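Colleague: Below is one structure. I have some questions about it.
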Amino acid sequence: MKRIYVNEEACMGCGLCEVYCRLEHSTTRDLVKAFTREKGSPRLQVQRMAPISFALPCRHCEEPYCVYSCLTGALQRGPDGIVTVDEAKCAGCWTCILACPYGVIRPEKERSKIAKCDLCLGNGIPACVAHCPNEALVYAEVELEEVR
């Protein structure tokens, strides 16, 4: 299965990954409208701690504590290992945010839902990776041990 890897030595903290993530998950797919009229947020965030910057996307963990803690069953880990959220089931209780050891699930308070990286399913390559000018984000195959 494929995952996003971060090369923090190549990241310059430009934030284009956040911009294109937000655009990809907007309803209009219009850059100006995505930032001025829509209330969504990017599903990853750039940590800037000079001199190092790096993007923090969801890790789609083998042991997804966010899924285990979800009270409504909105978060699921599929057979491909990708953790997805069913927004119709999300009650906005934020228990998944508390359970995530990486702090990569974000509250969207206006909608009372969560936002998390879904690897831009159906696009072939996540928008953040496709638009990273320094190739600090890499979408690559990873071998995970089977859960026993």
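The values are calculated or read from the model by the stated rules, or taken from the named source; none is laboratory data. Since we're looking at a predicted model, the values are computed, not measured. All Cβ positions, even for glycine, are placed from backbone atoms using ideal geometry, and neighbour counts span all protein chains on display. For accessibility, only protein heavy atoms count, side chains too; no ligands or nucleic acids. Shrake-Rupley method; radii C 1.70, N 1.55, O 1.52, S 1.80 Å.
Colleague: Using only Cα atoms, locate the centre of region 1-38 and the centre of region 69-132, then give the distance between them in Å, rounded to an integer.
Modeller: Taking the Cα centre of region 69-132 as reference, the centre of region 1-38 is 15 Å away.
Colleague: How fast does region 81-127 diffuse by Stokes-Einstein, in µm²/s, taking the Kirkwood radius from C-alpha pairs at 4 °C and 1.567 mPa s?
Modeller: 111 µm²/s
Colleague: What range in the chain is the longest one free of GluC sites (Glu not before Pro) that are in a loop by DSSP and have at most 14 other Cβ atoms within 10 angstrom?
Modeller: Between the exposed loop sites, the longest stretch runs 10-61.
Colleague: Run the count for the chain, please: Lys pairs, Cα-Cα under 18 angstrom, 8 or more apart or on different chains.
Modeller: Lysine pair count for the chain: 7.
Colleague: Of the accessible area of region 73-147, with the probe set at 1.4 angstrom, what percent is carbon plus sulfur?
Modeller: 50 percent
Colleague: 222 nm [θ] for the chain, helices only, -39500 (n - 2.57) per DSSP H run of 4+, per residue, to 500?
Modeller: Details: 5 runs with 29 residues, N = 148.
Computed mean residue ellipticity for the chain: -4500 deg cm²/dmol.
Colleague: Give me the three principal axis extents of the chain from the C-alpha atoms, as integers in angstrom, largest value leading.
Modeller: Per principal axis, max minus min of the Cα coordinates gives 40, 37, 31 Å.
Colleague: Now for a different question. About its Cα centre, what dipole magnitude does region 50-148 give when the only charges are +1 on Lys and Arg Cβ and -1 on Asp and Glu Cβ, stated in debye to the nearest 20?
Modeller: I would put it at about 500 debye.
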